[in-house]
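Data block below; observations after.
The values are calculated or read from the model by the stated rules, or taken from the named source; none is laboratory data. Because the structure is predicted, anything quoted here is derived from the model rather than measured. Neighbour counts run over all protein chains shown; Cβ positions are idealised from the backbone, glycine included. Ligands, DNA and RNA are stripped out before the accessible areas are found, and what is left, the full protein with its side chains, is counted by its heavy atoms. Shrake-Rupley method; radii C 1.70, N 1.55, O 1.52, S 1.80 Å.
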Amino acid sequence: MNYASLAFTDAVREMQEKLGSRKSYARMEQRSYVDGLTENEVGFIAARDSFYMATIGENGYPYIQHRGGPKGFIKVLDKKRLGIVDYKGNAQYITVGNLATNNHVALIMIDYPTRTRFKLYASARVVELNDDPALYAQLDMEEYQSRPERMMVFDVDAYDWNCPQHITPRYTREEVDKAFASQSEYILQLEAEIKKLQEQLRTG
């Protein structure tokens, strides 16, 4: 489904008209999308170690939760489905409770170094660990030392890429270490040479 057809309700369109952006977004609504995720989206999702998920409670209030894990913990099951293992957290179960009455969710994934933002609408369902061992085998992150409680599968309804405005670049320790690997190696080489020269001076 076209992302704009879900995001741009009548009230949103009226506000766009009022504030002068309706013309450009009307063209966006007419764009056609491929049927499901492409290799571009699949690659982006596979590299993520976190995302944000919004659910809606019975009282109408949204709840936004951060989900994280090892890189690649959110799996692309096929071009229209994503899945994760839901690991034990603070035991409030707000997201799981909200899904019991409204399975519509919104996900946002961000690559901070490149200021890239991917957003999608999905229909979510909770799958108990013992109910689908084959699915668990697909989603399990064996090296992750956290207790799994259940699984979640997201049927993708629509997606879009967002602009990079106002995203502050941030880097993980792994990314920083990789960026400075050559400098660190050079420093170690210089330190070894200095130590060698000091030894030669002492024994000179």
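Which shape class, rounded, prolate or oblate, goes with the range 107-204 when its Cα gyration tensor gives a ≥ b ≥ c as root eigenvalues, a/c under 1.5 marks rounded, and past that a/b bigger than b/c marks prolate?
Oblate shape, in that a/c is at least 1.5 and b/c is the bigger or equal ratio.
Please work out whether the range 1-76 counts as rounded, prolate or oblate from its C-alpha gyration tensor, where a ≥ b ≥ c are the square roots of the eigenvalues and a/c under 1.5 means rounded, while otherwise a/b larger than b/c means prolate and anything else oblate?
The shape class here is oblate.
Per DSSP H run of n ≥ 4, the term is -39500 (n - 2.57); total these for the chain, divide by its residue number, and report the mean residue ellipticity at 222 nm rounded to 500 deg cm²/dmol.
Estimated from H runs of four or more residues: -10500 deg cm²/dmol.
Over what distance in Å are the Cα centres of the range 105-157 and the range 189-204 separated?
Their Cα centres are 54 Å away from one another.
Which of A100, A122, A192 moves most in a GNM of the chain, Cα contacts under 10 Å?
Most flexible of the set in this elastic network: A192.
My understanding is that a pair violates if its Cα-Cα distance is over 26 Å; which of K75/K119; K79/K119; K88/K178 do that in this structure?
As for pairs spanning more than 26 Å Cα to Cα, those are K88/K178.
Cα extents of the chain along the three principal axes, largest first, in whole Å?
If we take the Cα atoms of the chain, the spans are 85, 50, 32 Å.
With +1 assigned to the C-beta of every Lys and Arg and -1 to the C-beta of every Asp and Glu, and no other charges, what is the dipole magnitude of the chain about the Cα centre in debye, to the nearest 20?
With only Lys, Arg, Asp and Glu charged at Cβ, the dipole is about 640 debye.
Would you mind working out the accessible area per residue for the chain, using a 1.4 Å probe, and quoting it in Å²?
Per-residue accessible area for the chain comes out at 65 Å².
How high is the relative contact order of the range 1-138, given as a whole-number percent (alpha carbon pairs under 8 Å, six or more residues apart)?
20
Taking 0.36 nm per intervening residue step and subtracting the Cα-Cα distance, what contour gain separates N130 from M15 on full extension?
Extra length from N130 to M15 when fully extended: 36.7 nm.
Of the accessible area of the chain, with the probe set at 1.4 angstrom, what percent is carbon plus sulfur?
Here carbon and sulfur together make up 52 percent of the probe-accessible area.
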